[in-house]
1. If the requirement is being in the same structural domain as Q406 (by TED's automatic domain parsing), within 14 Å of the chain's Cα centre (by Cα), part of a helix (DSSP H, G or I) and more than 30 Å from R304 (Cα to Cα), which of these qualifies: A138, A115?
2. Residues that are closer than 18 Å to H354 by Cα and not aliphatic (A, V, I, L, M): list the helices (runs of 4 or more DSSP H) wholly contained in the stretch 265-337 that include at least 3 such residues.
3. Do you know which of the residues in the stretch 386-409 that are under 17 Å from A451 (Cα atoms) and of a type in the set (G, A, S) is surrounded by the fewest Cβ atoms within 10 Å (Cβ to Cβ)?
4. Every residue in the stretch 354-377 that is touching a residue at least 24 places away in the same chain (Cβ under 8 Å) and buried (at least 22 other Cβ atoms within 10 Å of the Cβ), please.
5. Could you identify the single residue in L64, L93 that is modelled with pLDDT of 80 or more and within 14 Å of the chain's Cα centre (by Cα)?
6. Exactly one of these conditions fails for A300: (1) surrounded by 22 or more Cβ atoms within 10 Å (Cβ to Cβ); (2) at pLDDT below 85. Give me its number.
7. Quick one: which of T235, T213, T186 is touching a Ser or Thr at 6+ places or on another chain (Cβ under 7 Å) and of a type in the set (S, T, Y)?
8. Any idea which residue in the stretch 41-69 is surrounded by the most Cβ atoms within 10 Å (Cβ to Cβ), counting only those that are in a helix (DSSP H, G or I) and of a type in the set (S, T, Y)?
Amino acid sequence: MFEKSVRSSPACTLAAVAVVQFMVSLDLSVVNVGLPTIAAGLDFSALGVTWVIHAYALSFGGLLLLGGKLGDRFGRARLLLAGLAIFGLASLLGGLAQQPGHLIAGRALQGVGAAAAAPAALALLTSTFPGGAARVRAFGVWSATNAAGGAFGVLVGGILTEYAGWRWVMLVNIPMVAIAFALALTTIGGDRGTSARGRPDVMGAILATAGMTALVFGVVRTDVHGWLSAPTIGTLTLAVMLLVAFGLVEKTTARDPMLRLGLLTRPSVAGANAYNLFVGAAMASAFYFASLYLQRVFGAGPARAGIEFLPFALGVIVGSVLAVKAGHRVSARTLMIVGALVTAGGFAWFATIHPDGSFAVNVLGPSIMASVGFGLCLAPLVSTATAGVDPRDAGTAAGLLNSSRQIGASVGLAVLGTVAATRTGPSQTPEALGHGYALGLGLCAALMLAAAVVATAVLPRGTRPPEATPHSDQGVGTHA
């Protein structure tokens, strides 16, 4: 079934991949606004409810590299469909949850599905649009749907929680899965992978998955165990040991390696992933601080807070369109530097928040500036990280890029959240909370400046998408 296709074209592939990415991105943020209601509805403890977030992050972050490799080996279209099926089933289970453990299990299973679907979708996009103007436009569409999914997740989560009930933040995924599955099944051509390249690297897969899982677990649990506590140090030490062992296995294995270490020696791949660590840390933290500021300092309800995030989503789309228009004349490296600097300026403006501020000055203005900058750099970032990669490693490169962003988001949110909480202190007054959130947003600006430095120092000058193959300029057309 997975090899059949009614119609296959670059435009149809782009549509299917865009829906998948929107869904995965939306699910990263859709439950955040509804956490208090979820906690009350299922009688979660104050610490237990955090696992609604952590369970997804843990399985998603831990399995991304494996998901990318499985797509390379056994077929990306095949793995995309399998991932969507798992994601849809998990959303149904989570929406019908009757106990805290049911919802946590559903969220963990969602992460498994997303870890299979997200790298496969990005690898399909990379192979369908190998270069030229079509690649610039395709990644512009991808970046807009990616970021808009995260921003609209806050809006959708707020409205559903307030007016339909928290269960719908899980059930809303089911129609999106159905649409994405139908598009992928009927429009994406067969992709049988490269199963004949040798025996699979089982040990590498075990070490990579265990190491990534331990790393994410150690970081996300710092809200309970401090950074210098024995559990945190022990878990992070274990993660480092597992990942070092993974590197040694990949260097010496005679099997088909999970990750070709030569991939990391490419300046474009290494630079883009380092840049992505900082961007992931800054964006996840900024979403967190801004949403709390709107609700706990400005006093906005879930639905209103979601609506007030809309300008951010629209700004990302504007930035993505500008990146498409400039991408034919300006290098990806330049767009990444400019985008990071503009986003840093927006976050620095955000850091001026105070309890007596206004929405127009303290939220709307910085949201537009930061989101346009983010839209400028996102598509060039993804295109750079996957450009020129051996087609048999496209899924691995996509998994690596998703992993770097997830790790950045987990570490950044844990570190910046701790710093902001320390600044806030024991008082929970709007003034004290505002001081903590302002510091956190200022540090987000510093992270984006660090990303600009990485792009300047590591990425080759004049980094552009590779030239198109004779068929690669087909199919995007008006979709951009």
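1. A115
2. The helices (runs of 4 or more DSSP H) meeting that bar are 267-292.
3. Only one residue fits best here, namely S404.
4. Listed by number, the residues that qualify are V363, S367, A370, S371, V372, G373, F374, G375, L376, C377.
5. Just a single option satisfies the conditions, and that option is L64.
6. (1)
7. When all the criteria are applied, what remains is T186.
8. In this case the residue turns out to be Y56.
The values are calculated or read from the model by the stated rules, or taken from the named source; none is laboratory data. On a predicted model such as this, the values are computed, not experimentally measured, just so you know. Using ideal geometry, Cβ is built from the backbone for each residue, glycine included, and neighbour counts are taken over all protein chains shown.
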